[in-house]
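The values are calculated or read from the model by the stated rules, or taken from the named source; none is laboratory data. The structure displayed is predicted, hence computed values, not measured ones. We place every Cβ from the backbone using ideal geometry, glycine too, and count neighbours over all the protein chains shown.
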Amino acid sequence: MGAPGWLWGRGARRALSSGGSPIPGGSPSSGGSPISGVAPGSGVAPRPFEEMPRAGRGRWLNLLSLWGRGGFQDFHRRMEGGFQRLGPVYRDRVGSLDCVNVLLPRDAAQLLRAEGPFPRRMGIAAWSAHRSLRAHRCGLFLLNGPEWRADRLALNRAVLSPAGARRLLPLLDAVARDFAESLGGRVRGTPGGALTIDPHPLLFRFTLEASSYALYGERLGLLGGSLSGGAQRFLGALEEMLRTTLPLLFLPPPLLRLHPPLWQRHLRAWDAIFQHADASIQRLYREFCRGGVPGGGVLAELLLQGQLPLPSIKANVTEFTAGGVDTTAIPLLFTLFELGRNPGVQRELREELRAAGGGPRDPRGWGGATLPELLGALPLLKAAIKETLRLYPVGITVQRYPATDVVLHNYRVPAGTLCQVALYAMGRCPDVFPHPERYDPRRWLGKDDTTFKALAFGFGARQCIGRRLAEAEMMLFLAHVLSNFSIEAVSSEDVPTVFRFILMPERSPLLTFRALE
């Protein structure tokens, strides 16, 4: 799996190993050998930004090339190929996108130091245009500056703080338990006690049910029977929004309407997402105004805190609703696949679960352990999720606009330049992760330095606000599934991936579930 070492060109390999980057056209005889990337304060002058290697041709030719051959879906591999040809830092221009791509963890650390008090990530013009056209307020994902900071501080307490996350654990555990019971019924009803399925649709149902319970404190009943019309429309709108975002991503706002059918599909998808979220928000808000305390989810906590106006709450909860399904369903799919073709890792995880709590013997708990105690006693399971996100990061980059000039791999990058840490390429680079093709969760538990290598949720003040929620949801799901079933992959071949604004499998793998004795 992944890119074995020999795929990385010799020049790029030497540059990565030495900490430098190849000088285009240079040779040892002319003094053009790689220059070591130097630490700040070393006394070695950084090289000018204009000398940084560049990928491709002109920005619009690059965009037309991607449009013409469907290259958007291979954008993660295009970026990986750029590092293989040009070394660990290079400049890329595609349409309105003009950015610096970096590969190494130490350069990610430099970006953190330079992000300033109001960290900025790449904006998405199509999403912002929808909010403007429909007179919706923007949430955390699209906000910048003091507005972003005010919302973020209020939301941290309800979502990202340890206390806020602990409050949601019973809700997530209840959905994970129900999922395992529902799957168990299907397995027991199968001749031979082995159920072979594409688990992707079931995972979508689980994550939508779990995110709805965590956000709104209400269950949708998606784990048994067929999907309701509203849930089906929401999932379809979510897929359409992601599918149409990518072709629009590289266009400046005045050009978004160049492809009217695509633009209208994008607007309709977002409208359906907002309608789905708004129905739940309005229902719970009416209950709150009557003096009730609706549910036990994030929305109820935000209403009780009273720190954000209702339009801000609606904007952010809608973004959470849109971002809380695929971003956990897809990593869970890849994790189940990797465990299915790595039975040794699966056995180790099951042994860890037995030692931590013995499995869910009691409907009220895990062998006497509280949920925080259980999750704290499962370091290998947490490492397995990190390992999945190393190989299959949901977002293939983390973006920042440095607030000050920053030296990245011995090039001086001006303040305000879009910089991207390439997570997909980093995760498969043999100079960052030895034997990157191996699925080895223990690499995160050893003595090796893992600083700035696990960046799937971002870093710094602008890291994913749903990080704790997503990690807990995935860990509890896997704990229930591994305690009740063995998992086998029908094929051990690598799963091809495509980039559709998030990294997804081109085709879902088939998995076989068997009930444990």
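So which residues in segment 273-320 are more than 29 Å from the chain's Cα centre (by Cα), in a helix (DSSP H, G or I), under 23 Å from Pro170 (Cα atoms) and not aliphatic (A, V, I, L, M), if there are any at all?
Residues satisfying the conditions are Arg283, Tyr285, Glu287, Phe288.
Assess whether Arg85 counts as being assigned to a strand (DSSP E or B) and either in contact (Cβ under 8 Å) with a residue 24 or more places away in the chain or in contact with a Cys (Cβ under 9 Å, 6 or more places away or on another chain) (or both).
Values: assigned to a strand (DSSP E or B): no; either in contact (Cβ under 8 Å) with a residue 24 or more places away in the chain or in contact with a Cys (Cβ under 9 Å, 6 or more places away or on another chain) (or both): yes.
For Arg85, the condition - assigned to a strand (DSSP E or B) and either in contact (Cβ under 8 Å) with a residue 24 or more places away in the chain or in contact with a Cys (Cβ under 9 Å, 6 or more places away or on another chain) (or both) - is not met.
Show me the helices (runs of 4 or more DSSP H) entirely contained within segment 325-404 in which 3 or more residues are under 22 Å from Arg177 (Cβ atoms) and at pLDDT 95 or above. So that I can check it myself, show each step before the final result.
On the way: elements: 326-341, 343-356, 371-376, 379-391.
Answer list for segment 325-404: 326-341, 343-356, 379-391.
Identify, by number, the condition in (1) surrounded by fewer than 23 Cβ atoms within 10 Å (Cβ to Cβ); (2) assigned by TED's automatic domain parsing to the domain that holds Ser212 that Leu336 doesn't meet.
Checking Leu336 against (1) surrounded by fewer than 23 Cβ atoms within 10 Å (Cβ to Cβ); (2) assigned by TED's automatic domain parsing to the domain that holds Ser212, the one that fails is (1).
Enumerate the pairs (first residue in segment 250-271 and more than 10 Å from Glu240 (Cβ to Cβ); second residue anywhere and of a type in the set (D, E, K, R)) with beta-carbon separation below 8 Å, excluding pairs fewer than 6 apart on the same chain, so at least 6 apart or on different chains.
Qualifying pairs under 8 Å: Trp263/Arg257; Asp271/Arg134.
Could you check, for segment 481-491, whether at least one of its residues is at negative phi, assigned to a loop (DSSP other than H, G, I, E, B), modelled with pLDDT of 95 or more and of a type in the set (Ser, Thr, Tyr)? Give the steps one after another, and end with the answer.
We begin by selecting, within segment 481-491, every residue at negative phi; these are 481-491.
So of that shortlist, the ones also assigned to a loop (DSSP other than H, G, I, E, B) come out as 490-491.
Narrowing the set further to residues that are modelled with pLDDT of 95 or more leaves 490-491.
Adding the requirement that they be of a type in the set (Ser, Thr, Tyr) leaves 491.
Yes, that holds for at least one residue.
If you check every pair at least six apart or on different chains, which have Cβ atoms under 9 Å apart with a residue in segment 383-405 that is over 19 Å from Ala422 (Cα atoms) first and a residue that is in a strand (DSSP E or B) second?
The qualifying pairs are Asp405/Arg412; Asp405/Val413.
Looking at Ala425, Ala415, Ala461, Ala454, can you tell me which residue is under 14 Å from the mean Cα position of the chain (by Cα) and small (Gly, Ala, Ser)? Working first, answer last.
Values: Ala425 fails: under 14 Å from the mean Cα position of the chain (by Cα); Ala415 fails: under 14 Å from the mean Cα position of the chain (by Cα); Ala461 fails: under 14 Å from the mean Cα position of the chain (by Cα).
The unique qualifying residue is Ala454.
Taking Glu437 and the conditions (1) closer than 26 Å to Ala210 by Cα; (2) out of contact with any Asp or Glu (no Cβ under 7 Å at 6 or more places or on another chain), which numbered condition does it fall short on, given that it satisfies the others?
Of everything listed in (1) closer than 26 Å to Ala210 by Cα; (2) out of contact with any Asp or Glu (no Cβ under 7 Å at 6 or more places or on another chain), Glu437 misses just condition (1).
Tell me yes or no: at least one residue of segment 405-414 is at pLDDT below 95 and more than 30 Å from Gly145 (Cβ to Cβ).
Initial filter on segment 405-414 (at pLDDT below 95): 409-410.
Retained after the next criterion (residues that are more than 30 Å from Gly145 (Cβ to Cβ)): 410.
Yes, segment 405-414 contains a residue that is at pLDDT below 95 and more than 30 Å from Gly145 (Cβ to Cβ).
Please determine, by comparing only the residues of segment 441-456 that are in contact (Cβ under 8 Å) with a residue 60 or more places away in the chain and not in a helix (DSSP H, G or I), which one is surrounded by the fewest Cβ atoms within 10 Å (Cβ to Cβ).
Across segment 441-456, the extreme among qualifying residues is Thr451.
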